[in-house]
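Working notes, structure below.
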Amino acid sequence: MSDANVPSPNNVGYQGAADPTTAGDQFNAMSFIAKQILAGAWTVTLAQVKSVTNAGEAKDTGTVSLQPLVNQLDGQGNATPHGTISNALYFRYAGGNGAVICDPVVGDIGIMLSASSDISSVKANKSQANPGSSRKFDPADAIYLGAVLSAAPTQYITFTSTGLKAADKNGNVLEFKNGGIFVIGNMTVQGDIHASGTITGDTDVVAAGISGKNHTHGGVSQGQSNTQPPH
């Protein structure tokens, strides 16, 4: 017999949290009532992002719509998916006018919190305010904290045992470690470059169309031609 067919209080006439001991004494009866009240309070769950505003943009933090992933069950164990929750705030790591922008994308699975009171007035005014209603621990006041069941990233910043590494999905890598800063990829600089040390390299440097390795220089005097190689 499979687990699904094993008799349980949910399929022998006891609905929800009730069981044969519920009416046994006053404590059991009160415990049943408390469980039923707590069952209506949302705290923390996992949800999937269905839409997002301002994703990856240097704008104010936006909102997401969320699909809670843990189904609702009735007293007989029948599952009903929860509806989509709209206009939920999402977390962005920020302080003052600085931020690390890695906003959610559609399909992300992460942590959804439900505030203890209605936060709609604070969301609208971005300042201290009274609760917008009397609701408590309600998914309408959800806050999305970010991904927890994510796949391996194709671009990232990571703190390693030897330093710091930043890589993007185009194959460019910037790595800080013992010996200096190492770059993989082509570099384009708009602006001046100032260096107080020696610039060395094994590759050719071309400036204004002139090769640093292969150009010739020298003066024309006493019949000599301008054929001296670089040195």
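For the range 107-132, the set of residues classified as of a type in the set (D, E, K, R) and either in contact with a Lys or Arg (Cβ under 9 Å, 6 or more places away or on another chain) or more than 29 Å from ALA147 (Cβ to Cβ) (or both) consists of ASP118 only.
Of all residues assigned to the range 146-168, none qualifies as being within 25 Å of GLY40 (Cα to Cα), in a loop (DSSP other than H, G, I, E, B) and not hydrophobic (A, V, I, L, M, F, W, C).
Restricting attention to the range 191-201, does a residue exist that is part of a strand (DSSP E or B), without any contact (Cβ under 8 Å) to a residue 24 or more places away in the chain and over 29 Å from the mean Cα position of the chain (by Cα)? The answer is no; no qualifying residue exists.
Looking across the range 125-161 at every residue that is under 21 Å from VAL52 (Cβ atoms) and charged (D, E, K, R), the one that is nearest to the chain's Cα centre (by Cα) is identified as ASP141.
Does VAL122 qualify as being over 16 Å from the mean Cα position of the chain (by Cα) and closer than 22 Å to ASN87 by Cα? Taking the combined requirement at face value, the residue satisfies it.
Just one of the listed residues (ALA88, ALA47) is closer than 20 Å to VAL122 by Cα and either outside the structural domain of GLY110 (by TED's automatic domain parsing) or not in a loop (DSSP other than H, G, I, E, B) (or both), and it is ALA88. Total residues in the range 133-143 satisfying the condition of being within 13 Å of PRO104 (Cβ to Cβ) and either surrounded by fewer than 19 Cβ atoms within 10 Å (Cβ to Cβ) or outside the structural domain of VAL70 (by TED's automatic domain parsing) (or both): the figure is 1. Selection over the range 191-215 of residues that are polar (S, T, N, Q) and either surrounded by 10 or more Cβ atoms within 10 Å (Cβ to Cβ) or over 17 Å from GLY180 (Cα atoms) (or both) gives a count of 3.
Just checking, does the range 59-81 include any residue being among the hydrophobic types (A, V, I, L, M, F, W, C), modelled with pLDDT of 95 or more and under 16 Å from the mean Cα position of the chain (by Cα)? Yes - at least one qualifying residue is present in the range 59-81.
The values are calculated or read from the model by the stated rules, or taken from the named source; none is laboratory data. If you're wondering where the values come from, they're calculated on a predicted model, not measured in any experiment. A quick note on method: Cβ atoms are made from the backbone with ideal geometry, for glycine too, and the neighbour counts reach across all protein chains shown.
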